[in-house]
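As structure tokens, the structure follows; a few thoughts come after it.
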Amino acid sequence: MARKTVIPTGAWPALLRDEYAAAYVGESSVEAFLKRVGKEWPLPWREYGSGKGKYRVWRKSDFDRLIDPDLWGDDTQPL
């Protein structure tokens, strides 16, 4: 029997599939999120599978950098 996975309340996984990525950035639906991917939101980090089994994965840290770049510092400045 398959074991169900659970994300603890208040926690976010480091890698997000469509549904979690859309929720993390506050989009109203997965479809609305996907329409903005490549424009406002980054492209997926990886795509796996094919056909109906295909899924995309985003890194939470990529969204964090976009949402609050000051949190991560400006790595474009010379040392």
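What follows draws every value from the coordinates through simple rules; no lab data is involved. Not measured: the values here are computed from a predicted model. Heads up, the Cβs are rebuilt from the backbone with ideal geometry, glycines too, and the neighbour counts pull from every protein chain shown.
Summary of values
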item	result
Rel. contact order, % - alpha carbon contacts under 8 angstrom, at least six apart, the chain	28
Radius 15 Å from Cβ of Gly53, net charge of other residues (Lys, Arg +1; Asp, Glu -1)	+3
Solution diffusion estimate, µm²/s, Stokes-Einstein, the chain, Kirkwood Rh from C-alpha pairs, 37 °C, viscosity 0.692 mPa s	230
Neighbour net charge for Pro13 - beta-carbon separation under 12 angstrom, K R +1, D E -1	+2
Non-local Lys pairs in the chain, i.e. 8 or more apart or on different chains, that have alpha carbons under 20 Å apart	4
Under-5 Å amide H pairs with Trp45, H placed in peptide plane, nonlocal only	Val57, Trp58, Arg59
Residue-by-residue Karplus 3J(HN,Hα) for the stretch 57-64, coefficients 6.51, -1.76, 1.60, Hz, glycine and proline x	9, 10, 8, 4, 4, 5, 5, 4
Highest to lowest packing among 25-36, 53-64, scored as the average C-beta count within 10 Å	53-64, 25-36
Net lengthening on full extension, Val30/Ala2 (0.36 nm per residue, minus Cα-Cα)	7.5 nm
